[in-house]
Amino acid sequence: MALRMMVYQGLLYQDLIRQGAVLSEGRLPPVLPIVLYNGSRRWTAATDVFDLIPPVPGLVEQFRPRAKYLLVDENAYTDGDLASLRNLVAAVFRIEHPTGPETIQGLLGLLEEWLADRPDLQRMIARWIRATLMRKPEYRILLPEVENLQGVRIMLSEQLEVWARQYEAEGLQKGMQQGMQQGMQKGMQQGIQQGMQKGMRQGEALALQKLLTKRFGVIPPDVLARIASASQDQVEEWLDRVLDVLTLDEVFSPLSH
């Protein structure tokens, strides 16, 4: 990364010279290179190209190049640190690493307040939040296209109960763990089976939600609530229908027995 940033700076200066956008007497403007890191692993790469070149004896040593960049590592900040900073960058960091679904709702309210007079920024942030929520596997939520933060907040409030249930369950694995804990109190075998069944039902409900969205677009809140409260047999029958019917209503017509 240090070498890449040095190359980027060189290319930027070349472009500024070609455009004639230099300072008086041909001097170059200062540049602050920044690397924003939001990965899960600890950042260990050198931040100065000087550290990539081993020391050499004699005259050559003084010509080892230096090109340092500023590293902003999201993982270096706790949620408490970020919560005390009322600025857009801190809010973005907290959205990428939230403590739970409710955190997103609170941050959306703050961003609406801060960006009340900036609809352009609201639109950009809203689209980024939507992409983030759909991309991260721990959320597994589908949202329609939105143009502002209020739209994101409304959509989340309509689906928050479903999302929170999925977020807490964490699929089959957590269902098995919960089942094992219940089994210690009411019979281990029965608890494991219940946990597995719950995890399977939630996984099938999520698969149904994704298929319906791909086929019919935005799914109404009442349909999402119906899926969330349905039995595993009901969800399985709806899954069997979803690829054969022509309308959303046909998927949820009275079940045949």
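Taking 0.36 nm per intervening residue step and subtracting the Cα-Cα distance, what contour gain separates Thr213 from Val245 on full extension?
Values: separation 32, 0.36 × 32 = 11.52 nm, distance 1.40 nm.
Taking Thr213 through Val245 to full extension adds about 10.1 nm, to one decimal.
Going by a ≥ b ≥ c, the root eigenvalues of the Cα gyration tensor, does segment 2-76 fall in the rounded group (a/c under 1.5), the prolate group (a/b larger than b/c) or the oblate group?
Judged from the Cα gyration tensor, segment 2-76 comes out oblate (a/c at least 1.5, b/c at or above a/b).
Give me the net charge of Thr247's neighbourhood, meaning all other residues with Cβ under 13 Å from the Cβ of Thr247; Lys, Arg count +1, Asp, Glu -1.
-1
Taking a ≥ b ≥ c as the square roots of the Cα gyration tensor eigenvalues, with a/c under 1.5 meaning rounded and otherwise prolate when a/b beats b/c, else oblate, which class fits segment 50-126?
Numbers: a/c = 4.66, a/b = 2.69, b/c = 1.73.
Prolate shape, in that a/c is at least 1.5 and a/b is the bigger ratio.
Please get the size of the charge dipole for segment 2-76, origin at its Cα centre, with Cβ charges of +1 on Lys and Arg and -1 on Asp and Glu, quoted in debye to the nearest 20.
With only Lys, Arg, Asp and Glu charged at Cβ, the dipole is about 80 debye.
Compute the label zone of Met124 within segment 71-93: residues whose backbone N is under 12 Å from the point 7 Å along Cα-to-Cβ.
Correct set: 89.
Measuring from label point to label point, each 7 Å out along Cα→Cβ, what is the Asp81 to Glu147 span in nm?
Result for the modelled spin labels: 3.9 nm.
What distance in nm lies between label points placed 7 Å from Cα along the C-beta direction at Arg226 and Gln62?
With each label placed 7 Å out from Cα toward Cβ, I get 8.1 nm.
Given 0.36 nm per residue, what is the gain on full extension from Gln19 to Ile34 after removing their alpha carbon distance, in nm? Intermediate values should be presented prior to the final figure.
Values: separation 15, 0.36 × 15 = 5.40 nm, distance 2.33 nm.
Here the answer is 3.1 nm.
Report, by chain and number, residues whose modeled amide H sits under 5 Å from the one on Leu71, excluding near sequence neighbours (fewer than 5 apart, same chain).
Those lying under 5 Å, H to H, from Leu71 are Val35.
Round to a whole angstrom and tell me the spacing of the C-alpha centers of segment 28-44 and segment 57-134.
So the separation of the two Cα centres works out to 12 Å.
Read the figures in this text as sums done on the coordinates, not as results from a lab. Every value quoted in this text rests on a predicted model; they were computed, and no experiment measured them. Cβ coordinates were reconstructed from backbone atoms using ideal geometry, including for glycine residues, and neighbour counts include every protein chain displayed.
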